[in-house]
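Quick notes on the structure that follows.
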Amino acid sequence: MVSGPAFVVSALVAEALADGCGVVALESTILAHGLPRGDNRRVADEIEDAVRAGGAVPATVAVLDGLVRIGLSPDELDRLCLQDDVLKLSSRDLGVAVALGRTGATTVASTAALAHRAGIRVFATGGLGGVHRGAAETFDISADLGVLATTPVLVVCAGVKSILDVPATLERLETLSVPVLGYRTDQFPGFYLTDSGSTVPWRVESAAEAAAVAYARSFLGTDSAGVVLANPLPEARQVDPVLHDRLVASGLAELAREGVSGKDVTPRLLEFFHESSGGESLRANVELVLSNAALAAEVAVELAALHSGRRA
Ligand code: PSU
Ligand code: MN
């Protein structure tokens with residue numbers, strides 16, 4: 001674990017890591033840019049509570065006034081969720097934000113990089129970034145994939161954002177040697193939908209099995225890349241597929257009209273969904289993040305036990 005002038009690990013998180021307890025890193029872009037004001041602060045607490053209920057310690061990650069923070073206080077979560085000028089920081093932006101003293105939320109890419117630097121092995125999010133539709137023309141492929149290809153963290157997600165080209169994203173993950181595990185499913189989840197229509201190469205039945213995969217990779221030395229653990233919403237809790245397809249089509253059309261591109265695509269589209277779905281997209285988004293946080297906590301506890309010799 002490192003600590004330095006620009007890298008602050010909270011006392012609770014540092015103690016948990018030193019004691020070999022389960023720790024779950026949490027990204028903050030979903031809070032600052034993925035959920036509406038008015039809901040995000042409450043959901044931030046609910047996500048952390050879900051991790052605690054699973055017996056692990058939450059470590060929400062952000063950059064505040066040029067300091068990387070691993071584990072945020074309630075006041076720091078307030079700033080992140082309620083302040084106006086919070087940037088969206090991917091991994092390429094971290095050095096700049098630290099050097100210039102800026103404040104920003106971290107994406108999957110930057111959270112994974114910082115979690116690994118802090119010695120945290122498990123990470124929960126909603127949906128990964130990936131290959132956008134039309135990427136052959138726009139080259140829009142999330143940096144999330146590149147960082148997962150080089151960072152040994154296990155990420156629990158409900159698949160990738162539903163606006164993406166899912167088969168192309170799974171192809172990229174294969175090329176990058178990132179294993180994708182379905183949690184009690186053979187189907188890759190579709191974020192708001194239980195099933196994206198694509199299959200996963202591997203299936204695990206428990207958090208212990210997922211932890212065993214990450215552990216085996218570390219002693220085999222094949223852990224230069226991360227692991228994706230894909231956790232679907234139960235079918236009864238998914239967004240109605242007809243509503244979903246309508247939202248995605250009208251959202252993409254609206255973005256094209258507005259000329260939105262680059263890092264603004266995801267936040268704007270999520271905002272459009274939340275405004276246009278009568279609360280359905282928000283409900284599903286919150287439920288899947290909480291479910292991922294709970295599963296990540298179980299995996300973190302199991303993996304910590306394996307690494308500290310408490311499980312054979
Ligand atoms: N999925 C969500 N909400 C989000 C994101 C993903 O449901 O807010 C965020 C994550 O932080 C992810 C980022 O890392 O979007 C990817 O952005 P981009 O496609 O610009 O790389
Ligand atoms: Mn992008």
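The values are calculated or read from the model by the stated rules, or taken from the named source; none is laboratory data. Please read these numbers as outputs of a predicted model, since none were measured by experiment. Neighbour counts run over all protein chains shown; Cβ positions are idealised from the backbone, glycine included. All accessible areas refer to the heavy atoms of the entire protein, side chains included, with ligands and DNA or RNA removed. Shrake-Rupley method; radii C 1.70, N 1.55, O 1.52, S 1.80 Å.
Computed quantities for the displayed model
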| read-out | value |
| --- | --- |
| Filtered residues of segment 97-112 (kept if surrounded by fewer than 24 Cβ atoms within 10 Å (Cβ to Cβ) and more than 12 Å from Ala6 (Cα to Cα)) | Thr103 |
| Search result, residues across segment 84-96 that are modelled with pLDDT of 95 or more and surrounded by fewer than 24 Cβ atoms within 10 Å (Cβ to Cβ) | Val86, Leu87, Lys88, Ser90, Ser91, Arg92, Asp93, Leu94, Gly95, Val96 |
| Selected residue [touching a helix residue (DSSP H, G or I) at 6+ places or on another chain (Cβ under 8 Å), open to solvent by 50 Å² or more (accessible area, probe 1.4 Å) and not hydroxyl-bearing (Ser, Thr, Tyr)] from Arg283, Arg237, Arg184 | Arg237 |
| Output for segment 240-267, where each listed residue is part of a helix (DSSP H, G or I), open to solvent by less than 50 Å² (accessible area, probe 1.4 Å) and either closer than 21 Å to Pro189 by Cβ or within 16 Å of ligand 1 (Cβ to nearest atom) (or both) | Leu243, His244, Leu247, Val248, Gly251, Leu255, Gly262, Val265, Thr266, Pro267 |
| Candidate set: segment 163-177, residues that are polar (S, T, N, Q) and open to solvent by 10 Å² or more (accessible area, probe 1.4 Å); chosen: the one nearest to ligand 2 (Cβ to nearest atom) | Thr175 |
| Boolean, Glu271 is open to solvent by 60 Å² or more (accessible area, probe 1.4 Å) and either small (Gly, Ala, Ser) or touching a residue at least 12 places away in the same chain (Cβ under 8 Å) (or both) | yes |
| Every residue from segment 188-211 that is open to solvent by 50 Å² or more (accessible area, probe 1.4 Å) and either farther than 30 Å from Arg283 by Cα or of a type outside the set (Lys, Arg) (or both) | Asp195, Gly197, Thr199, Pro201, Trp202, Glu205, Glu209 |
